[in-house]
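All remarks here apply to the structure that follows.
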Amino acid sequence: MTKRREHQPGVDRLTEAQREAREGRREAHGALLAAVETSTLAVPCVEDPEGGWTSSDPRAQAIAADRCWDCPVLAHCAAYVDFWPESGGVWAGRLMVPPVFRRPRGVVPPG
């Protein structure tokens with residue numbers, strides 16, 4: 001029987017690459033939020049949060065994505081989502097589609 005290692009508070013088990021990725025995400029997200037807060041122009045997803053940014057309707061998503069191209073923080077949004085792809089919604093004029101998990105061909109589910 002293997003002994004389970006107990007969690008030790010304050011011990012970081014992340015690798016150096018994972019720590020760097022986490023810090024990079026924080027920096028990109030912080031820059032995006034700062035750009036939104038300091039923008040003197042309207043940021044479409046902030047001004048109209050119900051505007052299709054997280055809709056499941058493809059037409060609403062397409063309209064939201066088109067609105068991104070006039071956004072004053074588009075570059076910051078693109079930098080964030082390029083660094084840390086979100087699992088859904090419209091970001092920087094792009095539809096972030098969650099991955100679809102499919103069974104390999106010829107595999108029949110049990111039952």
Ratio of Rg to Rh over segment 46-97 (Cα coordinates, Kirkwood Rh, two decimals)
0.93
Whenever you get a sec, compute what percent of the accessible area on segment 56-99 sits on carbon and sulfur atoms (1.4 Å probe).
61
Could you give each residue of segment 55-66 its phi-based ³J(HN,Hα) in whole Hz, using Karplus coefficients 6.51, -1.76, 1.60 with θ = phi - 60°, and x for Gly or Pro?
6, 9, 7, x, 5, 5, 5, 5, 5, 4, 4, 5
With θ set to phi - 60°, apply the Karplus curve 6.51 cos²θ - 1.76 cosθ + 1.60 along segment 31-45 and write out the HN-Hα couplings as whole Hz, x wherever there is a Gly or Pro.
5, 5, 5, 5, 5, 5, 5, 9, 5, 8, 9, 5, 9, x, 6
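The values are calculated or read from the model by the stated rules, or taken from the named source; none is laboratory data. Computed from a predicted structure; not experimentally measured. Calculation scope for accessible area: heavy atoms of the full protein, side chains included, ligands and nucleic acids excluded. Shrake-Rupley method; radii C 1.70, N 1.55, O 1.52, S 1.80 Å.
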